[in-house]
Amino acid sequence: MFSKIVLATVATISLANAVDDFSSERLLGIEVGYTSANTPNGLGLNESNSNIEFGLRLGAQNEEWRTTVRANSLSTGEKKYQKLMIDFDRFVWASLYKTDSIVFKPYLGGHIGWLHYTDDITSANGLAYGGQLGVALNVLNEVDFDLGYRYTMTDVSKVNDMSSFVFSANYLY
């Protein structure tokens, strides 16, 4: 009984301190990117399909971390890809000098989520996961821009992997 009380007390104190340590600003953003999806063809060889991908982002960030939920859509002829992903980014470094008019923050991260694939004949769903890197540029107190690269692997039988170069604009509130 005593150990449960001590554990509950330690957890409550840690949670109270964590709220201060992890205060963050929310973000709402749009993104556009050039994505290449590798799909197996009927002969077992990879076929690359590329086009413009669009997406929406909702998340939170502090000085060290950013977490976002994003939804993306890509159409390449008869093939359509929809993704719902959770991104976790760690800001590696930030230029926070008082003379900086633009705050430059490179990041590394990962993502995991769900991929839905459809074409004229079939439809498939599955897990998608991968890594990303890029740079966030905070140009105003309320606006930042991202330029990044994402590589996504999947367990969907109709999609091997995807690579994307992405630009996004985020409103911070």
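The values are calculated or read from the model by the stated rules, or taken from the named source; none is laboratory data. Only a predicted model underlies this, so the values are computations on that prediction, with no experimental measurement involved. Here Cβ is always computed from backbone atoms with ideal geometry, including for glycine, and neighbour counts include all displayed protein chains.
Points worth noting:
- Restricting region 81-119 to residues that are of a type in the set (A, V, I, L, M) and modelled with pLDDT under 95 leaves a set whose member that is nearest to residue 37 (Cα to Cα) is 92.
- So residue 115, is it outside any loop (DSSP other than H, G, I, E, B) and surrounded by 14 or more Cβ atoms within 10 Å (Cβ to Cβ): yes
- Within region 49-56, one or more residues are of a type outside the set (Gly, Ala, Ser) and at pLDDT below 95.
- Positions within region 75-99 being within 16 Å of residue 63 (Cα to Cα) and outside any strand (DSSP E or B), in sequence order: 92, 93, 94, 95, 96, 97, 98
- Residue in region 120-127 that is hydroxyl-bearing (Ser, Thr, Tyr), in contact with a Lys or Arg (Cβ under 8 Å, 6 or more places away or on another chain), without any contact (Cβ under 8 Å) to a residue 60 or more places away in the chain and closer than 26 Å to residue 40 by Cα present: yes
- Only listed residue being in contact (Cβ under 8 Å) with a residue 24 or more places away in the chain, touching an Asp or Glu at 6+ places or on another chain (Cβ under 7 Å), over 16 Å from residue 39 (Cα atoms) and assigned to a strand (DSSP E or B), chosen from 136, 169: 136
- Some residue of region 27-41 being at pLDDT 70 or above, surrounded by 13 or more Cβ atoms within 10 Å (Cβ to Cβ) and over 25 Å from residue 168 (Cα atoms): yes
- Subset of region 34-81 (residues that are more than 14 Å from residue 115 (Cβ to Cβ) and among the aliphatic types (A, V, I, L, M)): 43, 45, 52, 56, 58, 60, 69
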